[in-house]
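The values are calculated or read from the model by the stated rules, or taken from the named source; none is laboratory data. Given the structure is predicted, the values throughout are model-derived calculations rather than measurements. All Cβ positions, even for glycine, are placed from backbone atoms using ideal geometry, and neighbour counts span all protein chains on display.
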């Protein structure tokens, strides 16, 4: 998922730009110079605040929006150029789910899932068989004859997912699919998406403003701000080593590792006179993430370590920890050297007296 | 009350029902596609053709701004052309239909515009053609609104039908004018009004019942 477009990518954005004519003349640039490729079978998250352009970017994959410059290639075909039947053929290979589900109120669960098959002209015998399978896959067999108004939000999104899978697409687009759901329901819907990704080898491209969604299911992530991708890469790398301030601020909302207020207030950039303590952020990564490294450092160096905040997170199967500690300022360099020799990352946040 | 009068009332009721029913059906046949087109043909919409949309909009507005009684007499030559005669109950169906088409078209347009645009986006993302979106998404989703609109149209046409006496159309309105007013028979007038009230009540009740049955948006309607 880097700038050069590898030929095997499921989705490739090649220097994509999008601008809209502004009221009263001029142009508004929604996206600029976006290059990103999404490998087949991966779950990729695009995270950004509202208005960052992520929704426009997602809609280019199935041609609901057209790029004003650059190319969007899906399954080897240029979506931006496709029109009429060619575009509709691409769309049948790209499923989409929505924040507000967009189910037809006049159709039952079964009929909603059948809609894309009716549209593609599938014979009714096959529709019945396939829809029954899909409804069972998302666990709604019992509710097949119900109308959307009778379902909970999570159930509606399951119908949305079944419907998006009906034409056996290779790519699934998720437009803030869990943003209207409560945290528990969000988890079950994310698990369903993970299962589908694993079982069907489906490529999933999702947009969200919640880092937790990315952490829970995405293997890759791109951070978008003001129409630009400011950072992208493997989710684990982005979480353990965020570079851009936007990424860092998204992360602070999910990792929950921030300094307690009474310390943050006293924090200074330079060591104060007299006895002082240095405040450090340690990011535990890889196999050492679960080692009792601090305890060992404390006994080996004879250092007093004060733990201020911390958490161990999991990204996919890999754990990583985030700890905020303070140590005596005059021996802090020693502590950092010890930690770095054990392949942990440290960052000096400041000093307190 | 004489048996003769009762017969007249029954016949007039039937004539009114006949005129209103036929003109509603014809009005719906014309109004449904026109209303659908109006709802989908503005710039950037499914059937985007802004020019035709404007022209059609002007025609619809023009027809709707002519008072019905004027419309009835103004189109007498056209009525003769279509119905073979310009007088009588059947001939009256022509102006009633001409009034019904733009009225129903606007009601259908409003009902379709009320459909959540997210559903259109979902259907487009499935690779639906504009016609598929109209047939499988917009019209079914707008159906509760369309049914209520048609109910409103029937009630309005019941009112219009009282004016067709001007061109020899019969029915309750005509009976009320000729007997109740011109021959000063207040009991006839009273009965005509009573029957019209009952008809409107029946139409409104049935219309709302059907609209509720086709409306699956509220959970309480399960199995209704």
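Numbers for the structure displayed
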{"item": "Verdict on residue A:163 being within 14 Å of chain B (Cβ to nearest Cβ) and without any contact (Cβ under 8 Å) to a residue 60 or more places away in the chain", "result": "no"}
{"item": "Hey, residue B:36 within 14 Å of chain A (Cβ to nearest Cβ) and under 26 Å from residue A:114 (Cβ atoms) or not", "result": "no"}
{"item": "Residue in the range A:296-318 that is modelled with the lowest pLDDT, counting only those that are in contact with a strand residue (DSSP E or B) (Cβ under 6 Å, 6 or more places away or on another chain) and surrounded by fewer than 16 Cβ atoms within 10 Å (Cβ to Cβ)", "result": "A:312"}
{"item": "Residue within the range B:163-178 that is buried (at least 19 other Cβ atoms within 10 Å of the Cβ) and under 15 Å from the mean Cα position of the chain (by Cα) present", "result": "no"}
{"item": "Conditions (1) in a helix (DSSP H, G or I); (2) modelled with pLDDT of 85 or more: number failed by residue B:216", "result": "(1)"}
{"item": "The range B:35-60, residues that are touching a residue at least 24 places away in the same chain (Cβ under 8 Å) and either surrounded by fewer than 15 Cβ atoms within 10 Å (Cβ to Cβ) or more than 22 Å from residue B:128 (Cβ to Cβ) (or both)", "result": "B:59, B:60"}
{"item": "Verdict on residue B:130 being more than 10 Å from every other protein chain (Cβ to nearest Cβ), in contact (Cβ under 8 Å) with a residue 24 or more places away in the chain and surrounded by fewer than 18 Cβ atoms within 10 Å (Cβ to Cβ)", "result": "yes"}
{"item": "Of residues in the range A:220-230 being buried (at least 19 other Cβ atoms within 10 Å of the Cβ) and over 8 Å from the mean Cα position of the chain (by Cα), the one farthest from residue A:188 (Cα to Cα)", "result": "A:227"}
{"item": "Selection count where residues are part of a helix (DSSP H, G or I), more than 7 Å from chain A (Cβ to nearest Cβ) and in contact with a helix residue (DSSP H, G or I) (Cβ under 9 Å, 6 or more places away or on another chain), scope the range B:115-127", "result": "2"}
{"item": "Subset of the range A:78-101 [in contact (Cβ under 8 Å) with a residue 40 or more places away in the chain, surrounded by fewer than 24 Cβ atoms within 10 Å (Cβ to Cβ) and within 8 Å of chain B (Cβ to nearest Cβ)]", "result": "A:92, A:98, A:100"}
{"item": "Residues satisfying the stated conditions in the range A:106-139, i.e. more than 23 Å from residue B:121 (Cα to Cα) and either more than 31 Å from the chain's Cα centre (by Cα) or within 11 Å of another protein chain (Cβ to nearest Cβ) (or both)", "result": "A:123, A:124, A:125, A:126, A:128, A:129"}
{"item": "Filtered residue count, the range A:67-77, keeping only those that are within 14 Å of chain B (Cβ to nearest Cβ) and more than 20 Å from residue A:9 (Cα to Cα)", "result": "0"}
{"item": "Residues satisfying the stated conditions in the range A:34-56, i.e. at positive phi and surrounded by fewer than 16 Cβ atoms within 10 Å (Cβ to Cβ)", "result": "A:41, A:51"}
{"item": "The one condition in (1) touching a helix residue (DSSP H, G or I) at 6+ places or on another chain (Cβ under 8 Å); (2) at the interface with chain B (Cβ under 10 Å from one of its Cβ atoms); (3) within 19 Å of residue A:188 (Cβ to Cβ) that residue A:143 fails to fulfil", "result": "(2)"}
{"item": "Matching residues, the range B:143-172, being over 23 Å from residue B:111 (Cα atoms) and within 14 Å of chain A (Cβ to nearest Cβ)", "result": "none"}
{"item": "Evaluation of residue B:138 against (1) more than 12 Å from chain A (Cβ to nearest Cβ); (2) crowded, with 19+ Cβ neighbours inside 10 Å; (3) in contact (Cβ under 8 Å) with a residue 60 or more places away in the chain (one fails), failing number", "result": "(1)"}
{"item": "Qualifying strands (runs of 3 or more DSSP E) (wholly inside the range A:1-112; at least 3 residues being more than 26 Å from residue A:181 (Cα to Cα))", "result": "A:11-21, A:27-38, A:69-74"}
{"item": "Number of positions in the range A:328-353 that are in contact with a strand residue (DSSP E or B) (Cβ under 6 Å, 6 or more places away or on another chain), crowded, with 17+ Cβ neighbours inside 10 Å and not in a loop (DSSP other than H, G, I, E, B)", "result": "10"}
{"item": "The range A:320-353, residues that are more than 20 Å from residue A:271 (Cβ to Cβ) and touching a helix residue (DSSP H, G or I) at 6+ places or on another chain (Cβ under 9 Å)", "result": "A:320, A:321, A:322, A:323, A:342, A:343, A:344, A:345"}
{"item": "Filter result for the condition that a residue is modelled with pLDDT of 90 or more and under 29 Å from residue A:102 (Cβ atoms), over B:223, B:207", "result": "B:207"}
